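Inspection log for the structure reproduced underneath, given as structure tokens.
Where a number appears in this text, it was derived from the coordinates with a stated rule and is not lab data. Small disclaimer: the values here were computed from a predicted structure and weren't measured. Here Cβ is always computed from backbone atoms with ideal geometry, including for glycine, and neighbour counts include all displayed protein chains.
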Amino acid sequence: MTHGNQECPTPMDTPDILAQICIQLERIATVLEAQPQPAPDIVRDLADYPGFAWNSINAEIIAKDKHGAIAVRHGGKIYTRRCPVNKFGVAIWYSRATGKDGDETIYERLVTFKEVKIEADPLPDKAVALLRQLKQRKTQST
């Protein structure tokens, strides 16, 4: 059966078409899996650094010193430890160069260890009052 220039499948053709679709989907999946994956850019508390389980992020230590891992391998790529001295506080991270943008080198980070400061704005009075009302309604309905 034809429709315009295209062959339209008949019910008898369906198994062949499904098989072709499966083959194409497998080929697409193979290509997608082969694409380079960006580093996950994980952030962990600085206190986690000394005993960090590198296998928990599918990384392996390939070089270390008395302070811990110097370089780790993740996804076939090598990430090196960095710990700058600057005004932003202490942070240790593992990164690798991925290319250049003009004169600047572009990096991606595998993991950053830093002091995690959790700061949140206080709830406004309007929100607190509404939450109180909702809690009272829930208590009354049970």
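For this structure, a couple of remarks:
- Cα-Cα over 30 Å, subset of 114/138; 87/126; 64/114; 114/135; 117/138: 114/138; 87/126; 114/135; 117/138
- About its Cα centre, the dipole of region 42-114 is roughly 160 debye, where the only charges are +1 on Lys and Arg Cβ and -1 on Asp and Glu Cβ.
- The overall shape of region 42-114 is oblate: from the C-alpha gyration tensor, with semi-axes ordered a ≥ b ≥ c, the ratio a/c is 1.5 or greater and a/b is no larger than b/c.
- Theoretical FRET efficiency, 1/(1+(r/R0)^6), r = Cβ-Cβ of residue 127 and residue 90, R0 30 Å, to 0.05: 0.30
- Mean separation of Cα contacts under 8 Å (6+ apart) over length of the chain, as relative contact order %: 19 percent
- Simple rule: put +1 on each Lys or Arg Cβ and -1 on each Asp or Glu Cβ in the chain, find the dipole, and look at 35, 116, 102; the Cα lying farthest toward the positive end is 116.
- When each of the peptides 85-94, 30-39, 115-124 is scored by how many other beta carbons lie within 10 Å of its residues on average, the order from highest to lowest is 85-94, 30-39, 115-124.
- Rounded to the nearest 20, the Cβ-based charge dipole of the chain about its Cα centre (Lys and Arg +1, Asp and Glu -1) stands at 1000 debye.
- Considering the chain, its Cα convex hull presents a mean projected area of 21.8 nm².
- Hits among lysines - C-alpha to C-alpha of residue 100 under 24 Å, sequence gap 8 or more where chains match: 77
- Using a Förster distance of 22 Å, the FRET efficiency for residue 46-residue 73 (Cβ separation, nearest 0.05): 0.45
- For the pair residue 32 and residue 103, a Förster radius of 25 Å applied to the C-beta separation gives a FRET efficiency near 0.15, rounded to the nearest 0.05.
- Karplus-based coupling profile of region 119-134, in residue order and whole Hz: 10, 9, 6, x, 6, x, 3, 4, 5, 4, 4, 5, 4, 4, 4, 4, with θ = phi - 60° in 6.51 cos²θ - 1.76 cosθ + 1.60 and x standing for Gly or Pro.
- Dividing the summed -39500 (n - 2.57) terms of all DSSP H runs of n ≥ 4 by the residue count of the chain sets its mean residue ellipticity at 222 nm at -9000 deg cm²/dmol.
- With K and R counted +1 and D and E -1, the other residues having a Cβ less than 15 Å from that of residue 80 yield a net charge of +4.
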